[in-house]
1. Extending each Cα 7 Å along its Cβ direction at Ala21 and Arg123, get the distance between those two points in nm, one decimal.
2. Can you list the aspartates and glutamates whose alpha carbon sits under 18 Å from that of Lys222, skipping same-chain ones fewer than 8 residues off?
3. I'd like the orientation of helix 160-184 relative to the chain: the angle between its Cα long axis and the longest Cα principal axis, in ° from 0 to 90, rounded to 10.
4. Once you have the alpha carbon radius of gyration of the range 51-127, what is it after dividing by 2.2 N^0.38 Å, with N set to its residue count?
5. Treating the beta-carbon of each Lys and Arg as +1 and of each Asp and Glu as -1, no other charges, what is the dipole magnitude of the range 51-127 about its Cα centre, to the nearest 20 debye?
6. Can you tell me the dipole magnitude for the chain around its Cα centre, using point charges on the Cβ only (Lys, Arg +1; Asp, Glu -1), in Debye to the nearest 20?
7. Please determine, in degrees from 0 to 90 and to the nearest 10, the orientation of helix 226-258 with respect to the longest principal axis defined by the Cα atoms of the chain, where the helix direction is its Cα long axis.
8. Rank Asp206, Asp55, Asp100 by mean-square fluctuation in a GNM of the chain with C-alpha springs under 10 angstrom and give only the top-ranked residue.
Amino acid sequence: MRLIKLVPADTHFNFTGKRIAAFFLSAVIVLLSVFFLTVRGLNFGIDFRGGIMIDVKFEQAPDIISLRNQLDELNLGEVEIQEFGEPENLLIRVQRQEGDEKAQLLAITAVKGMLGEGPDYRRTEFVGPKVGSELIEAGILAVCMSLLAIMIYIWFRFEWQFGIGAIAALTHDVVTTIGLFAILQLEFNLSTIAAILTIAGYSINDTVVVYDRVRENLRKFKKMALPDLLNQSINQTLARTTMTSATTLLALLALYFFGGEVIHDFVFAMIWGVFVGTYSSIFIAAPLLIKLRLRRDSGGEGEAENSLP
């Protein structure tokens, strides 16, 4: 039985030799992300802006696409529809209307008038902007605390240089993902926060795999030049990294095309995260160890090794 190999096991790519170009490219992408985030801002969803939520149960599972088109004709702005527990039970979210409470009640009346008297309206709620601002603060805190916890873990597991390199790569991934949502004006909601945290976990998994091989090679090859040692470590883990990314992308692409409109933005963020997370682990996290002057005296006894060609 032949094994499928997307990348040969004995590659000798000079990744660290391209580190200056990679650093420049990443700096440009990060600056563009910050620029668009500052100028255009994020397209916050109902979770953050506030809005109307209606929990309704039908006698039979409705055609969600047809129902969404009918709701769009009401011109109430952004409308989200998702199954809630079972196909007959739907959760309808409508963005907050301009005006006071009377405007929100008129929107609720319009939605119920379109749906008719048949469905069972289990719950109708209005999420105010105050709750939305609290969710924004909680989302920012969740991302920052997760990055800090990851840096502390890497710091204790390896050396402080590894911790700084890992947090730099993760910050790169998070900022560029948020910047992508600002550039394309995709809806930014709680699902996006979940996607960002998932991207951080995926990226740090790749980074730890590379770092663990770097630590092993530091102990084994005491006299190898650091750039060559990093190249060897990245090449040794490249086949594993590529296969993991490819299989993850297959699942994400299936979700993107067949998972429905509700999760499109979430899956899109995850697809971007797979690419940028793999890139940062190879071209950011590892080469930064050169700039951070990683010590060569860690580990046990090792053998001498000439530099890679």
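Here, each number is a calculation from the coordinates, and none is a lab measurement. Predicted model, so just to flag it, every value in this text is computed and none were measured. Reconstructed Cβ throughout: ideal geometry from the backbone, glycine too, with neighbour counts over all protein chains shown.
1. Computed distance between label sites Ala21 and Arg123 equals 5.4 nm.
2. Straight-distance partners of Lys222: Glu159, Asp212, Asp297, Glu301, Glu303, Glu305.
3. 40
4. 1.02
5. Values: 8 positive and 16 negative charges, 34 e Å.
Here the size comes out at about 160 debye.
6. Taking the Cα centre of the chain as origin, the dipole is about 1800 debye.
7. 20
8. Asp100
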